[in-house]
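Engineer: Below is the structure I would like to discuss, written out as structure tokens.
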Amino acid sequence: MPSTRNLIAIMVAGAFVLGTPVALANSGQVTHLSGTLSAKKADGSMRILSSRSEVAAGDTVTTEKDTYANIRFADGGNMTIKPNTTIKIEKLSYDAKNPKGDSFLATLVSGGLRMITGLIGQRSRDNFKMGTSTATIGIRGTTFNADDCTAGGPGCGDLPPGVYVGVTDGSVELANESGRSVVRAGQYSVIARNQAPRQTANPGLAFTPPRAFSAPGASGPKAADCVIRR
């Protein structure tokens, strides 16, 4: 018959195992990376990420020049981040058995990304939002690109200032105080500051992650992060 100490150890181990999926469900994992990717937590601490590193709500992730990164979330969603980009993960919650608890909110601070939504975008569409400097992107289960060219920047060339959104699959709804617009597969929209979203031609913004990004992502134990102390 197990001793009291052994029973306690078994209970603790069981709680850890049961708790692990919950933790993973509220985080994302870096699956592909080419270059330097950093994360700033809400308390101001910084760390350098690598493949298999985790990101969670409250993290602000930044790619350096020539860096592409892909983050896979627990619901199967994938965010591929372009070079010179900063994104804040505002909310991230997924429970396979409780759709009412779904929540995803990220803000594109600068730069660009491609988002392939997962189960949250399919079963809890109202709970998936992507913020930008000029409008909020709501989805209906989709693949879309968003690029912030409000202040120019790498890759924007001579494009008029604004946030550019293009849809590959499904559709998105763009909304701000000036209006709303639905963008469908094959369409593009631009949202200038203090203006309603409007349809535009393909802006030609580059999206060229390394070929390795099309292969299965990293797996295995979580990588050790390099913590930057100030």
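Every number in this text was worked out from the coordinates using simple rules, so none of it is lab data. Note that the structure is a prediction, hence the values are computed from the model and not measured. Cβ placement follows ideal geometry from the backbone for every residue including glycine, while neighbour counts extend to all protein chains displayed.
Engineer: For SER181, SER53, SER214, what's the fewest-to-most ordering of other Cβ within 10 Å of each Cβ?
Structural biologist: Ranked by crowding around the Cβ, least crowded first: SER214, SER181, SER53.
Engineer: Return the distance in nm (one decimal) between the two label points of a simple spin-label model at VAL109 and ARG198, each offset 7 Å from Cα along Cα→Cβ.
Structural biologist: 3.1
Engineer: Can you give me the three principal axis dimensions of segment 28-228 from its C-alpha atoms, in Å, biggest first?
Structural biologist: Principal extents (largest minus smallest coordinate, Cα): 45, 40, 35 Å.
Engineer: For segment 136-153, take each phi angle, set θ = phi - 60°, evaluate the Karplus expression 6.51 cos²θ - 1.76 cosθ + 1.60, and give the result in whole Hz per residue in order, putting x for glycine and proline.
Structural biologist: Using θ = phi - 60°, the values come out as 9, 9, x, 10, 10, x, 6, 10, 9, 10, 9, 9, 8, 10, 5, 10, x, x Hz.
Engineer: Can I ask one more? State, to one decimal in nm, how far the label point of LYS222 lies from the label point of GLU173, with both points 7 Å from Cα in the Cβ direction.
Structural biologist: Once both label points are built, they end up 3.6 nm from each other.
Engineer: Under a crude label model (7 Å from the Cα following the beta-carbon direction), how far is ILE48 from ASP158 in nanometres?
Structural biologist: Taking the simple label geometry, ILE48 and ASP158 are separated by 4.0 nm.
Engineer: Would you list, by chain and number, the lysines whose Cα falls below 25 Å from the Cα of LYS91, excluding same-chain residues fewer than 8 positions away?
Structural biologist: LYS40, LYS41, LYS82, LYS100, LYS129, LYS222
Engineer: Cross-link partners among aspartates and glutamates for LYS97, C-alpha distance below 12 Å, same-chain residues fewer than 8 apart left out?
Structural biologist: ASP75
Engineer: FRET efficiency for ASP95 and ASP66, Cβ-Cβ distance as r, R0 = 35 Å, nearest 0.05?
Structural biologist: E(calc), rounded to 0.05, equals 0.40.
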